[in-house]
Amino acid sequence: MGKLNKMNYVKSMYKHVASVRNNNIQSWYININGVSKSKFDTERKAAIAVDKLLIGRGKEPVNILTRLKK
């Protein structure tokens, strides 16, 4: 019995970001409960999307984006 549609999950260096590799194609996604699994081409784009999501929820960004100092 062959291994059909085997997926390998990869942890990211950013918080709340994970990756799945299927047939040597790697895509990144937001790993937060209640958030749809939108796919991103790069790990950085997924990390920025996490930060924007957190800012939209009134929380501090945790990855790339930072709050402006006034």
Q.
Conditions first: (1) free of Cβ contacts under 8 Å to residues at least 12 places away in the same chain; (2) surrounded by 15 or more Cβ atoms within 10 Å (Cβ to Cβ). TYR14 passes all but one, so which condition is the exception?
A. (1)
Q) Which condition does GLY58 not pass, out of (1) modelled with pLDDT of 90 or more; (2) in contact with an Asp or Glu (Cβ under 9 Å, 6 or more places away or on another chain), if it passes all the others? A) (2)
(Q) Go through the stretch 1-39 and report how many residues are charged (D, E, K, R) and modelled with pLDDT under 80. (A) 3
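Yes or no, residue by residue, for (1) assigned to a strand (DSSP E or B); (2) loosely packed, with under 10 Cβ neighbours inside 10 Å; (3) of a type in the set (Phe, Trp, Tyr); (4) without any contact (Cβ under 8 Å) to a residue 24 or more places away in the chain:
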residue	(1), (2), (3), (4)
SER27	yes, no, no, yes
ASN33	no, yes, no, yes
ALA46	no, no, no, no
ASP51	no, no, no, yes
ILE55	no, no, no, yes
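The values are calculated or read from the model by the stated rules, or taken from the named source; none is laboratory data. All figures in this text were calculated on a predicted structure; none of them were measured in a lab. Cβ atoms come from the backbone with ideal geometry, glycine included; neighbour counts cover every protein chain shown.
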